[in-house]
């Protein structure tokens, strides 16, 4: 398999369809390719016009646990597995990019969707490492579980060569996530009240089916149309773009999905309220077997209206306004 | 010649900072009017029926603000600023500027500010907005602001013309104009602008309109005087 690694997709597909000639073919192509490599010193095949711009592989590093990734070591993997979509220069202009929706990530602007860090900040190395391993549901980014941990860490370091932000800025501080409280009918009910109050439904729709009044108008930061997440689609195993645990859902709306219309709610949702919203969002995944849907089933699928037991005790006594007078 | 000019500028800055009287010292002013020729694009009425709380704020539907004109071919919402001549004194205005969301509109439509100057984003509406500026040079963020929540305080550390969007209300559209200078103005109410407090020197004045691009003019201020500079943009319907 190692000898196949530097070959391009097209060749791999060709051999897969003509199995008889595969071994012979790979030997020949391997020879030709080896000759080509020495001649062109690992350069990619030249485009139709003009020479390739030179690419400086800066000595960037990544740190995932006790693994240190080195950009230089990911050069071949990136060109073989990533450049087809993300482009040789990380600018999302790979040869497949025009056929893809959503578009590949543009590493030159260093805006990342799945982060544990606040909106507008760089993600942690782990965030990118996890994103490579997890893939992006509803997109063409597959689950890259073929890489070793070291190879993945090297790739995390490699994509840092494309934006100067990685040399000037540190990653943001990961948001603090309190321990998850137990799922109760009350937490689901409060979550639903927040979903209504914060107007999540404007895009995601009242039943989370991605059909809110603003859904059809959404575009990402590069002006490409984009759909809000449909919670109800998919079965028991349906995934979110940035992971599948309750913590991942918490992170998605508390950090925002940068580069898309999904904003950060970190300034407007209290940490414990956020868990209630997570519990409600889980019930929108109608086909999922989980504790949230079990609690809801036990209540015959009816979410009671939320009653605030402690109506803002801090604000009310401070002045003499009538209750509900201020905002 | 250049050294002499710089010395003069340095001297004025020194004298001025010691006397704390910039407005009295720098009496030079550039003022003028921004107009257009041709036919500007027709501004369409905005359908806010999907957001009733905003729709009812407007007796008659408001129109898009891509091109705002006044009587006698006046062109509004043009940012006029000193693009070269005044050395960037690095003095960030302490006063924050405010960007208000009211009636599902950005007020002002174009908000100029100094690099690193703080600005407050306020939601005066009864609906949630998300504030989503789309910078290319500065860093991009996107924040939700439900009604009744505290102002969002932000700043940008690099000069840039930044488009601002609300994804929930796709008609909402505005600009942050982050400049290296505090000598700026926006043409309003008849295309008038005024850049006061300019020390003597040679300046390049730039006028920027979101649809019709930029124009520049050179002007020399020798002392206590007001120089007239007018800009005329060629308006196109598309």
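The values are calculated or read from the model by the stated rules, or taken from the named source; none is laboratory data. Keep in mind it's a predicted model, so treat the numbers as computed, not measured. All Cβ positions, glycine included, derive from the backbone under ideal geometry; neighbour counts span all protein chains shown.
Brief remarks on what is shown
- Subset tally (residues that are under 13 Å from residue B:81 (Cα atoms) and surrounded by 18 or more Cβ atoms within 10 Å (Cβ to Cβ)) for segment B:186-196: 4
- Looking only at segment B:155-172, and only at residues there that are surrounded by fewer than 18 Cβ atoms within 10 Å (Cβ to Cβ) and in a strand (DSSP E or B), the one that is farthest from the other protein chains (Cβ to nearest Cβ): B:160
- Some residue of segment A:197-204 being over 20 Å from the mean Cα position of the chain (by Cα), assigned to a loop (DSSP other than H, G, I, E, B) and farther than 16 Å from residue B:166 by Cα: no
- Residue within segment A:166-173 that is under 21 Å from the mean Cα position of the chain (by Cα), more than 17 Å from residue A:249 (Cα to Cα) and in contact (Cβ under 8 Å) with a residue 60 or more places away in the chain present: yes
- Criterion violated by residue A:116 - all others in (1) within 16 Å of the chain's Cα centre (by Cα); (2) at pLDDT below 95 satisfied: (2)
- Any hit, segment A:78-90, residues being assigned to a loop (DSSP other than H, G, I, E, B) and on the phi < 0 side of the Ramachandran plot: yes
- Test result for residue A:288, modelled with pLDDT of 95 or more, more than 14 Å from chain B (Cβ to nearest Cβ) and within 32 Å of the chain's Cα centre (by Cα): no
- Residue count for segment B:211-224 satisfying the condition of being touching a residue at least 60 places away in the same chain (Cβ under 8 Å) and in contact with a strand residue (DSSP E or B) (Cβ under 6 Å, 6 or more places away or on another chain): 4.
- Number of residues in segment A:133-159 that are surrounded by 20 or more Cβ atoms within 10 Å (Cβ to Cβ) and free of Cβ contacts under 8 Å to residues at least 60 places away in the same chain equals 1.
- Filtered residue count, segment B:124-145, keeping only those that are in contact (Cβ under 8 Å) with a residue 60 or more places away in the chain and facing chain A (nearest Cβ under 9 Å): 1
Per-residue answers, yes or no, for (1) modelled with pLDDT under 95; (2) surrounded by fewer than 20 Cβ atoms within 10 Å (Cβ to Cβ); (3) within 12 Å of chain B (Cβ to nearest Cβ):
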| position | (1), (2), (3) |
| --- | --- |
| A:200 | no, no, yes |
| A:222 | yes, yes, yes |
| A:239 | yes, yes, no |
| A:247 | no, yes, no |
| A:252 | no, no, no |
| A:258 | no, no, yes |
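- Scanning segment B:124-154 for residues that are surrounded by fewer than 21 Cβ atoms within 10 Å (Cβ to Cβ) and part of a strand (DSSP E or B) yields B:152, B:153, B:154.
- Qualifying residue in segment A:170-191 (condition: closer than 25 Å to residue A:57 by Cβ, surrounded by fewer than 15 Cβ atoms within 10 Å (Cβ to Cβ) and either modelled with pLDDT under 95 or in contact with a strand residue (DSSP E or B) (Cβ under 8 Å, 6 or more places away or on another chain) (or both)): yes
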